[in-house]
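Just below is one structure, and these are the notes that go with it.
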Amino acid sequence: MNDISPKIRLLDALNKRETDRPPVICMGGMMNASIVEVMQSSGYTLPAAHDHPELMASLACAIQEQTGFENLGVPFCMTVEAELLGSQIDKGTLECEPKIVKEAFSSTGHVVFRDLDEMVESGRIRIVTAATSKLVQTHPQLPVVVSMTGPVSTAASIIDPMIFYKELRKNPAGAHRVLEYVTELLIRFAEESIKAGATVIAIGDPSATGEILGPAMFQEYAVRYLNILTSAIHRLETPVILHICGKIERVRPLIPQLLADAISTDAMVNLGKLKEDYPGLTTMGNLSTYALQWGTPEKIAAQTEKLIEEGIDIISPACGLSTSTTLANIRAMTQTVQGA
Amino acid sequence: MNEQTEQLYFTALSDAVLNMEEDTAINIAHKVIAEKIDAYRAIERGLVDGMNRAGKFFEDEEYFIPEILLCSDAMYAGLNILNPHINREHQRSRIKIIIAVVEGDTHDIGKNLVKTLLDAAGFEVIDLGRDVPPSKIVDIAIIEQADAIALSTLMTTTMDGMSEVIQLLQQRGQRESFQVIVGGGPISQGFADRIGADGYAPNAPAAIKLLNKLFGKNTYA
């Protein structure tokens, strides 16, 4: 009985409906699977694919076909938003993901608030949405996941994070003003992606962890703006996956307040226990990317089995994959879930 | 000035750092100079004491990154005023540490925390910043005749740069010249062992303890 499409299975999991087995996906964005092996064998390579919709779509397909992940994920970085907002980006190399060379502004007080309609039409949002449209047309059975950078992380990529973090405490009014602005842009990005056919929006917010912010600021800044963004996406009847980096002990009680349809966590989090404590939560994760890079296929299969036994709803890597991860290791993960 | 009155200034400096009050730290530092109180002791018993208390709060998870960054601003603001007034006798030779975030990673919060606590602990720190190529790290460590190299990363994708630093040191026959320690989100003791690092620390206060251990001191306080 394998006639259920990956798209339906993922949507069922996100809608808390019974599934025959958990989906196994890789959300893209900061957690993409564009490993060197796939790029070399397919000929669709980074950094070129960051800037060309056709290439972006082709690379997403190659990743899906070769790894066995049951989704298509775009883009392959978390700099689309920061670049649009004025930060200087280095697009990276085949092996190394894009990064921010210089943040656009020196403090919240210096942020220039631009017209959102204009911004949506510029930068790489159009490249992501064009790639999304193409993928939706060519692969109706597969869910297309568009990955975005969370509000705090976006803000911390247009203002030097060392300054922005201090302003969260010293200048809350300024910090909120910037977070409202970037959240509006993210909502527009999500809307355009959904118009292009995105099945799911995934949000990664690595700069907004409980470890960095502590519970009070996690509540005030992370939960608040993530929920504004999630609600806006829900109004377009599209589910949201949220990835939280790092340890979550200090913010654990706040997790159920997050409105996202699934919560993905890092490898150090005991996801089975989290699910036990909050049965209403749809959990995603969290196969160690360290194991994926350095482990053996047997070990990876065993760890994947464990996640399945614990009842994790969606199986995925726990963090960004190293580009030197091997296909054999990734396949050990996907094939274990697929029972191959 | 009697010892008790001096201690009031030291406590005020320490509290200013702990309470993230940069302006207060500056004001009191100026008063310390005006009152001709020993600048070295004001740094040790005031600013550094405050940063150590802040570090303890951080370990205990009462303070998080925004707080610790503001504490370190207050400490450095005070240091800028007091440092030029330190007596020569206190300018002893210190253990020199090169610190950097390896190439490809632009996250440098953890590294900055370690740097602040190393400063507070009396190490001499050369901060190469973020996104530094392994060859540059090795070059500067050799030129500066540093004692240790501290490397940080927050992303799994840039961990390889750490082992590259160690390989480069080996190639140049300089591996034994430096203690190499690694840390950051995705790093583990297992990874440190695998690449042949001398130590691993899971967080900034632990990095200071590790270096103290490697160089034969007891604690950083």
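Some values worked out for this structure:
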read-out: Antiparallel DSSP beta bridges within chain A, as percent of all bridges there, nearest 5; value: 15
read-out: Kyte-Doolittle mean at least -1.0, axial Cα span of 24 Å or more - DSSP H helices of chain A; value: A:172-195
read-out: Gyration tensor (Cα) of the stretch A:128-182, equivalent ellipsoid semi-axes in angstrom; value: 36, 9, 8
read-out: Taking chain B and dividing mean pair separation by its residue count, relative contact order in percent (alpha carbons under 8 Å, at least six apart); value: 16
read-out: Of A:324, A:264, A:288, the one that fluctuates the most in a GNM where chain A has Cα springs shorter than 10 Å; value: A:324
read-out: Inverse of mean 1/r across different Cα pairs in the protein assembly as shown, Kirkwood, Å; value: 24.6
read-out: Separation between Cα centres of the stretch B:6-73 and the stretch B:150-221, rounded to whole Å; value: 29
read-out: Listed residue pairs exceeding 21 Å between alpha carbons, taken from A:166/B:115; A:166/B:31; B:115/B:209; value: A:166/B:31
read-out: Most fluctuating residue given options B:59, B:35, B:22, as computed from a GNM of chain B linking Cα atoms under 10 Å; value: B:35
read-out: Relative contact order, percent, the stretch B:3-90 [alpha-carbon distance under 8 Å, six or more residues apart]; value: 41
read-out: Most mobile of A:80, A:112, A:136 in a GNM of chain A (Cα contacts under 10 Å); value: A:112
read-out: Amide H partners (placed H, <5 Å) of residue A:73, local residues excluded; value: A:145
read-out: Nearest 10 degrees, 0 to 90: helix B:49-59 Cα axis against chain B principal axis; value: 50
read-out: Set of lysines near residue A:299 by C-alpha distance (under 24 Å), chain-local residues within fewer than 8 positions excluded; value: A:247, A:273, A:275
read-out: Helix-derived mean residue ellipticity, 222 nm - over the protein assembly as shown, DSSP H n ≥ 4, -39500 (n - 2.57), to 500; value: -14000 deg cm²/dmol
read-out: The stretch A:26-338 shape via C-alpha gyration tensor axes, a/c threshold 1.5; value: oblate
read-out: P(r) tail fraction, chain B - alpha-carbon pairs more than 32 Å apart, %; value: 22
read-out: Qualifying aspartates and glutamates (Cα of each under 20 Å from Cα of residue A:16; at least 8 residues distant if same chain); value: A:3, A:70, A:237, A:261, A:276, A:277, A:309, A:310, A:313
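Every number here is computed from the coordinates shown, using simple stated rules; none is lab data. Bear in mind the structure is a predicted one, so any value in this text is a computation, not a measurement.
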